[in-house]
1. For a quick check of your reading of the model, give me the residue pairs whose first member lies in the range 242-256 and is surrounded by 14 or more Cβ atoms within 10 Å (Cβ to Cβ), whose second is of a type in the set (Gly, Ala, Ser), with beta-carbon atoms closer than 6 Å and at least 6 apart or on different chains.
2. With at pLDDT 90 or above and loosely packed, with under 13 Cβ neighbours inside 10 Å as the only criterion, which of Leu98, Leu103, Leu53 stands out?
3. Could you figure out which of (1) surrounded by fewer than 15 Cβ atoms within 10 Å (Cβ to Cβ); (2) in a helix (DSSP H, G or I); (3) not acidic (Asp, Glu) isn't true of Arg278?
4. Look through the range 18-45, keep the residues that are within 25 Å of Arg122 (Cα to Cα), assigned to a strand (DSSP E or B) and open to solvent by less than 50 Å² (accessible area, probe 1.4 Å), and return whichever of them is modelled with the highest pLDDT.
5. Hey, can you tell me all the residues within the range 97-132 that are outside any helix (DSSP H, G or I), farther than 20 Å from Pro28 by Cα and touching a residue at least 12 places away in the same chain (Cβ under 8 Å)?
6. For residues in the range 142-196 being basic (Lys, Arg) and within 27 Å of Pro126 (Cβ to Cβ), which is least open to solvent (accessible area, probe 1.4 Å)?
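The values are calculated or read from the model by the stated rules, or taken from the named source; none is laboratory data. Please read these numbers as outputs of a predicted model, since none were measured by experiment. Cβ placement follows ideal geometry from the backbone for every residue including glycine, while neighbour counts extend to all protein chains displayed. Ligands, DNA and RNA are stripped out before the accessible areas are found, and what is left, the full protein with its side chains, is counted by its heavy atoms. Shrake-Rupley method; radii C 1.70, N 1.55, O 1.52, S 1.80 Å.
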Amino acid sequence: MAVAVALRCGATTRLELPDHLSGRLTLPTAGRVRLPGAPGRPLTADVAAGRALITRDGRKATGWTPAAWLGEGHRITLGPLLLTGDQPAADPAVWRELFDRALAGLTRRHQGVAAELGVALRQILPIGTPAGGQTSGTFHHAFGAIATSRPDSPQALALTLAHELQHNKLVAIDHLMPLVRPGCRELYYAPWRNDRRPLIGLIHGVYAHVGVAGFWHGELEAGLSGRAQQHAEVEFARWSAASADVTAGLRENPWLTPAGRDLVRALHSRIRDWKGHRSSVSAMAVADARRSRHRDRWRGRTAPE
């Protein structure tokens, strides 16, 4: 991390690296390099003018692979593949095409999300695809980074970016203005999780799913037809209703700080603004059935023995 920071800010410095390092070394947002020599010997990095010379016993590091950049005009890097042992990095060309098409869709139909991504997003870290399908996450101590398995379509990546952007923003908000008073140990039902959630986790979930509902609202406003419209209507109906239920229950929660109450009220107001859009009767029936099944399964799993 220190080497990457020195590179990015143009510092001139010598840094001692942990001597146990071997194999490939990743410099976040910069690239990867193959380290020389065997572990246990001193390893140093001399950084100057945006370049780094890494040596061990007089031998230079080799095999420099610069980080892949995503998006024309966006300073967004594609990080190394995570959680997959020694497998090679994800194919940058595939991710670049996915990202370009996802960003184009966001720019056409979700200008606010696209603008925020242009400011906030700095790195996408691919994750190996799990058996259950796509997964994604945000690092609470790394603003601007999103980890995600490779989506199967540009729309799916656009949705993932909109979802994880919400988490990124809320991490920053909660850091500047805490949303929950210290000492809260209560756990809550969340319509998007199978486990009980702490209050800050529930707030994160509803903030993200207001973003998800907003994404599907924007897709519907842009005009869809056939199965695509039916799918968007179901998703919008489900997540807008679920978010409304949670924000309604949170408005008087005594553990919220003033900033937390303001946030919950703003989210509830945002959802009310969508009341003008009514999904079809069939889509609402499907959405309601899915919400009911989720809560019933959750009750079955969490009922005391």
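1. Qualifying pairs under 6 Å: Ser243/Ala213.
2. Leu53
3. Failing condition for Arg278: (2).
4. Here the answer is Ala45.
5. His110, Thr129, Pro130
6. Lys169
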